[in-house]
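Asks: Attaching a single structure in structure tokens format; questions to follow.
No lab work stands behind these numbers, since they all come straight from the coordinates. Since we're looking at a predicted model, the values are computed, not measured. With ideal geometry, Cβ positions are generated from the backbone for all residues, glycine too; neighbour counts draw on all protein chains shown.
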Amino acid sequence: MRKMLPIALLALAAAFPAFAQQPIVIKFSHVVAIDTPKGHAAEFFAKRVAELTGGKVKVEVYANSTLYKDKEELEALQLGAVQMLAPSLAKFGPLGVKEFEVFDLPFIFDNYDELHKVTAGPLGAKLLAKLEPKGIKGLAFWDNGFKSFSANKPLRNPEDFKGLKMRIQSSKVLEAQMRALGSLPQVMAFSEVYQALQTGVVDGTENPPSNLYTQKMHEVQKNLSVTEHGYLGYAVITNKKFWDGLPADVRGQLEKAMVEATAYANRIAKDENDKALEAVAKSGRTQIYKPTPAERLAIKKATVKVHKEMESRIGKETIDAVYKETGFDPTKL
């Protein structure tokens, strides 16, 4: 009787192959709207995984904090409650990998070409590898875009920021940036920002236009200053134990899908932000202001001192490595 049991199970599996080979499910959680660069890229990745694996892997995308908020998602990944995230790079400092906070430094990148020398090069790979001792496998960097400041008053010069309560992500670098401008930094989950702006709990914030528009923050912010002072990007990450336990062929297919999704994400990021900025302008709810070169330089000079202040936290070696890739020299401002 005991010998017949495995045979009976094999027969059952043959009769019901779908029962025998359930798809591998990857829960991909993120905190922004579907209609954003990250939202579109996550959906693109899910589609390509289904195609490349022939349905052997199913990626379920949970957008807009429907599963976890900012502060919860990394712990959920480490515990295996979700298999994939794309958190903003500021999230890794509180996790203990402070080198990632180099991306939060104001004005460290002037354009996408400079940025991609880091994210798509050896330095980017080196940074992702630093996540592995935390049980996290870094797969790729995805762009969102360059941030601009918003508030209910015009922000044209450093003096305009004084005393404003400005929402930031949890980042010591961003705290220092806001304090350099005389603002009061307020750490807050992304999903709570609209209500906080609406009720006056905070006066302003910083976002790429796509985040500002899709979260309807432009409805509760009278002014947007297109400073493009800082970069907001994401690292697509997975639970290392889960990733290492996948069959080699499946892992290869997922890697191919991720390469394609990364190219797609970075290609659409600038277009999505340009369209969002146009939509904000058309709404008539927010006055958009583009600082003159002199005004932007004044904000840059006021905040670049944060680079030096953060050397002991981020690591001078990491900051200098970025300078080497981009050609940035803060002493020449």
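Asks: May I ask for the distance between the Cα centers of segment 316-333 and segment 146-194, given as a whole number of Å?
Replies: 24
Asks: Also, quick follow-up: Give the order of 244, 35, 160 when sorted by the count of other beta carbons within 10 angstrom, beginning with the fewest.
Replies: Working: 244 10, 35 14, 160 20.
Starting with the residue having the fewest Cβ neighbours, the order is 244, 35, 160.
Asks: So for segment 11-332, what percent of the C-alpha to C-alpha distances run longer than 27 Å?
Replies: Of all Cα-Cα pairs in segment 11-332, 43 percent lie more than 27 Å apart.
Asks: Which order results if 331, 227, 36 are arranged by neighbouring Cβ count within 10 Å, fewest first? Before the final figure, lay out each step's value.
Replies: Working: 331 5, 227 23, 36 26.
If I rank by nearby Cβ atoms, fewest first, I get 331, 227, 36.
Asks: Next question. Would you mind ranking 268, 34 by Cβ crowding within 10 Å, fewest neighbours first? List each step's numbers first, then the result.
Replies: On the way: 268 18, 34 14.
Starting with the residue having the fewest Cβ neighbours, the order is 34, 268.
Asks: Another question, then. Which shape class applies to segment 246-333: rounded if a/c is under 1.5, otherwise prolate when a/b exceeds b/c and oblate if not, where a ≥ b ≥ c are the square roots of the Cα gyration tensor eigenvalues? Don't skip to the end; give the middle numbers.
Replies: Details: a/c = 3.11, a/b = 1.20, b/c = 2.60.
Oblate, because a/c is 1.5 or more while a/b does not exceed b/c.
Asks: Take peptides 188-197, 91-100 and line them up by average Cβ neighbours within 10 Å, highest first, as a rough protection proxy. Could the numbers behind the result be given before it?
Replies: Numbers: 188-197: 17.7, 91-100: 19.6.
So the order, starting with the most tightly packed, is 91-100, 188-197.
Asks: Between residue 66 and residue 320, how many nm apart are label points set 7 Å from Cα along the C-beta direction?
Replies: 4.8
Asks: On to the next question. Under unit Cβ charges (Lys, Arg +1; Asp, Glu -1), what dipole magnitude, rounded to 20 debye, does segment 11-332 have relative to its Cα centre? Before the final figure, lay out each step's value.
Replies: Details: 44 positive and 39 negative charges, 70 e Å.
Dipole of segment 11-332, to the nearest 20 debye: 340 debye.
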